[in-house]
Amino acid sequence: MSRSPAGPLTDIRVLDVSTLFAGPLAATFLGDFGADVIKVEHPTKPDAARGHGPAREGVNLWWKTLGRNKRAVTLNLGTDQGAELLLRLVAEADVLIENFRPGTLERWNLAPERLHEVNPRLVIARVTAFGQFGPYAARPGFGSLAEAMSGFAALTGESDGPPTLPPFGLADGIAALATSYAVMVGLHNASRSGEGQVVDMAIIEPILMLLGGQITAYDQLGHIQPRVGNRSVNNAPRNVYRTGDGEWVAVSTSSQSIAERVLHLVGRSDLTEQSWFGSGHTRAQHADELDDAVASWIGQRPTAVVLAEFERAHAAVAPVYDVQGVMTDPQYAALGTVQRVEDDQLGEIKMQNVLFRMSGTPGSIRWPGRSHGQDTDAVLKEIGVTAEQLAALRERGVV
């Protein structure tokens, strides 16, 4: 199946027994850099992610990205034989990623202690909404609940509108990045000590870390950050502005020098002389006045002129894109962000490339997401399961 260079993690085997987004996406990030990822799904209940989003000719399109660089295997872990086969895979693995409700692996006699008896070096990442302990641990949960509980939704939206949830798996994606990082830390430790460990990843936590120093500000000042729409409480002008031809651009002035350049560009140098203009926090307190100045200038000019003038002034601006804009933008094209991949079912398809470029050990997309159970026979053969045994296992619904 390999269609391009394998990457630096070729000596790492990952068992992805998770579903939906945070766990599987963490495994995808590892597979992108060469890890041998074995995606384990129930024989009759595939990962629900296979049914999310658009499909073409019955083939799910999101799965082509989420399932890329993975070998697809079916196992009913709730059966004794299925659990035994997983243990045989664990013996040859480095990482196991799961996101069942706490206690599920234990009920199947697959608790971390049992897994570590088979393979002491195994890094076990347990990804759940609320973590492995505490009053909410047994509750069902998804990323949307993390976006609500973390304070993200309370911060998002206009000041006079309701809290707003993102229309995509934001908390899941952040948790996936954190999980892949945690796995690599665990692998590094295992390489030195020979000992694996358990990663307890609660989806409600990583997104909270990215919301800034709100906990410390509340602790020390009792401060609760309000909803401010597209503005920032830390600097201004910072907003989206409509251009003269009806499109939108985003402007940010996180640094003082950029703020000064923007105001000079729009013909309001007088505002830079005000005492409150000297810091981002005090500029944010005068956002109405600054927004009026920038919006008026941008609204009188077509998008191409706005972008060109901002670039000439070395000020920070970007067009507001939908996915069509991403697909045609020359910067994304130069970076190779959108990759063409040959797929066995759909022919050539496009998807986002690996997350970053490395000069010596780059990642790659070796193949898109595979069909449910497509690699079961090949993977189980690697651990000594014969064709006759496979047939019997299939008859009993184990695979």
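Any read-out appearing in this document is the output of simple, stated calculations on the displayed coordinates, not a laboratory observation. Because the structure is predicted, anything quoted here is derived from the model rather than measured. Here Cβ is always computed from backbone atoms with ideal geometry, including for glycine, and neighbour counts include all displayed protein chains.
Report the extension gain between Gln214 and Tyr181 in nm, rounded to one decimal, defined as 0.36 nm multiplied by the number of residues separating them, less their alpha carbon distance.
9.5 nm
In what sequence, highest mean first, do 300-312, 92-104 appear when ranked by Cβ atoms within 10 angstrom?
The densest-packed peptide leads the list: 92-104, 300-312.
Any chance you could list P(r) for segment 1-158, counting all Cα-Cα pairs in 5 angstrom bins from zero, rounded to whole %?
For segment 1-158, the binned pair fractions read 2, 8, 16, 19, 19, 16, 11, 6, 2, 1, 0 percent.
Once amide H atoms are placed 1.01 Å from N in the peptide plane, what residues at a sequence separation of 5 or more from Val199, or on another chain, have their amide H within under 5 Å of its amide H?
Residues meeting the criterion, in which the H sits 1.01 Å from N, are Ile124, Ala125, Arg126.
Once every Cα of segment 238-320 carries one equal point scatterer and solvent is ignored, give the base-10 log of I(q)/I(0) from the Debye formula at q = 0.26 Å⁻¹, two decimals.
-1.38
For the chain, what's the relative contact order in percent, using C-alpha pairs closer than 8 Å and at least 6 residues apart?
Here the relative contact order equals 20 percent.
Test of understanding: in a Gaussian network model of the chain with alpha carbons linked when under 10 Å, which of Ala49, Ala148, Ala316 would top the mean-square fluctuation ranking?
Highest fluctuation among the options: Ala316.
By average Cβ neighbour count within 10 Å, what is the ranking of 351-363, 69-81, 20-32 from highest down?
Per-residue mean Cβ counts within 10 Å order the peptides as 20-32, 69-81, 351-363.
Can you list the HN-Hα couplings for segment 91-97, worked out from phi with the Karplus curve (6.51, -1.76, 1.60; θ = phi - 60°), rounded to whole Hz and with x for Gly and Pro?
Using θ = phi - 60°, the values come out as 4, 10, 9, 10, 9, 10, 10 Hz.
Just Ala125, Ala182, Ala387 to compare: in a GNM of the chain, with alpha carbon springs under 10 Å, which one fluctuates most?
In the Gaussian network model the winner is Ala387.
Once phi is turned into ³J(HN,Hα) by the Karplus curve 6.51 cos²θ - 1.76 cosθ + 1.60 with θ = phi - 60°, what whole-Hz value does each residue of segment 321-335 show in order, with x for glycine and proline?
Working through the residues one at a time gives 9, 9, 5, 4, x, 4, 5, 10, 6, x, 5, 4, 5, 5, 6 Hz.
Which lysines have a Cα lying under 26 Å from the Cα of Lys45, excluding residues fewer than 8 positions away in the same chain?
Within the straight-line limit of under 26 Å, Lys45 reaches these lysines: Lys64, Lys70, Lys381.
Report the antiparallel proportion of the DSSP beta bridges in the chain as a percent, rounded to a multiple of 5.
Counting DSSP beta bridges with both partners in the chain, the antiparallel share is about 40 percent.
Here are a few candidate values for volume of the Cα convex hull per residue in Å³: [x] 141; [y] 180; [z] 160. Which one was actually calculated from the structure I just gave you?
After the calculation, the listed value that fits is [y].
Assuming R0 = 22 Å, can you tell me the calculated FRET efficiency for the pair Arg312 and Gln256, based on Cβ-Cβ distance, to the nearest 0.05?
After rounding, the FRET efficiency stands at 0.65.
What number, rounded to the nearest 500 deg cm²/dmol, is the helix-based mean residue ellipticity at 222 nm of the chain, given -39500 (n - 2.57) per DSSP H run of at least four residues and division by all its residues?
Helix-only estimate at 222 nm: -10500 deg cm²/dmol.
Would any residue of segment 235-276 have its amide N under 15 Å from a label point 7 Å out along Cα→Cβ of Ala304? List them or say none.
So the set is 244-247.
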